[in-house]
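Right, one structure below, let's go through it.
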Amino acid sequence: MSESIEPATGPALWLVRHGESTWNIAGICQGHNDDAELTERGLRQAAEAADGFRGREIRAIYASDLCRARQTAAAFAAVLGLPVRTDARLRERSFGVLEGTPLASVDPALTGVADGLVFDPDIRPPGGESVRDFYLRAAAFADALAAELREADDAPPGDVLAIAHGGTLRVLDAYLHGVPVDQMTWRPVSNATTLRIAEFGTQPRGGNR
């Protein structure tokens, strides 16, 4: 895992990017397209990441409803003995007409992202989402989950897992640490990366959406 466990007064939210997909190795823009599946390496990455949670108290597993995330989540479900709750709000950013095209040919003028920065959160590729659209969608998931955890007095103890995509990890990490969408960076997120949001539901959230 990429983050160490630290004592916390509330549950942590663990964000996990899916394992390597067939479109990752082909260098193709994925977005909401659901043709990609995990490679053999991706399946191993998922199994190894899941094994790191063996014996840990986890109360629930959430996942994007796209195949590559569901395949990754299945490895966690097998280790933890928990069902996977799919949620479309955890999907990758929709790139509209750009999906299925080589990443190398994607024009930053259509995405609002270049050189590790969000230079325009409101640029929207035809048929797709802007970074702001994406940020708000992921934020809605986080807010609903935090409210659910606060209201579940009889819920089992433990942290929560959310298996999603590189972009989803970026926007959720920013939102849950109080970083506004127009101040976000856009750094690389490797397959099977794991991020820990401590004391989920109590930290500051994004301001300027």
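Among the candidates Arg54, Arg59, Arg91, Arg68, single out the residue that is without any contact (Cβ under 8 Å) to a residue 40 or more places away in the chain, in contact with a helix residue (DSSP H, G or I) (Cβ under 9 Å, 6 or more places away or on another chain) and of a type in the set (D, E, K, R).
Working: Arg59 fails: without any contact (Cβ under 8 Å) to a residue 40 or more places away in the chain; Arg91 fails: without any contact (Cβ under 8 Å) to a residue 40 or more places away in the chain; Arg68 fails: without any contact (Cβ under 8 Å) to a residue 40 or more places away in the chain.
Exactly one of Arg54, Arg59, Arg91, Arg68 is without any contact (Cβ under 8 Å) to a residue 40 or more places away in the chain, in contact with a helix residue (DSSP H, G or I) (Cβ under 9 Å, 6 or more places away or on another chain) and of a type in the set (D, E, K, R), namely Arg54.
Residue check, Phe200 against (1) part of a loop (DSSP other than H, G, I, E, B); (2) surrounded by 18 or more Cβ atoms within 10 Å (Cβ to Cβ); (3) at pLDDT 95 or above, all met but one. Which one?
(3)
If you go through the stretch 115-138 one residue at a time, do you hit one that is closer than 16 Å to Val160 by Cβ and modelled with pLDDT of 95 or more?
Kept after step one, since they are closer than 16 Å to Val160 by Cβ, are these residues of the stretch 115-138: 138.
Okay, now just the ones that are also modelled with pLDDT of 95 or more, so 138.
Checking the stretch 115-138: at least one residue is closer than 16 Å to Val160 by Cβ and modelled with pLDDT of 95 or more.
Does the stretch 100-124 hold any residues that are open to solvent by 40 Å² or more (accessible area, probe 1.4 Å), in contact with a Ser or Thr (Cβ under 9 Å, 6 or more places away or on another chain) and of a type outside the set (A, V, I, L, M, F, W, C), and which are they?
Listed by number, the residues that qualify are Asp120, Asp122, Arg124.
Can you name the residue in the stretch 150-167 that is open to solvent by 10 Å² or more (accessible area, probe 1.4 Å) and of a type outside the set (A, V, I, L, M, F, W, C) and, of all such residues, is modelled with the highest pLDDT? Lay out the reasoning, then the answer.
We begin by selecting, within the stretch 150-167, every residue open to solvent by 10 Å² or more (accessible area, probe 1.4 Å); these are 150-159.
From what is left, the residues that are of a type outside the set (A, V, I, L, M, F, W, C) are 150-151, 153-154, 156-159.
Working: Arg150: 83, Glu151: 82, Asp153: 69, Asp154: 69, Pro156: 72, Pro157: 80, Gly158: 91, Asp159: 95.
Among them, the one singled out is Asp159.
The values are calculated or read from the model by the stated rules, or taken from the named source; none is laboratory data. On a predicted model such as this, the values are computed, not experimentally measured, just so you know. All Cβ positions, even for glycine, are placed from backbone atoms using ideal geometry, and neighbour counts span all protein chains on display. Ligands, DNA and RNA are stripped out before the accessible areas are found, and what is left, the full protein with its side chains, is counted by its heavy atoms. Shrake-Rupley method; radii C 1.70, N 1.55, O 1.52, S 1.80 Å.
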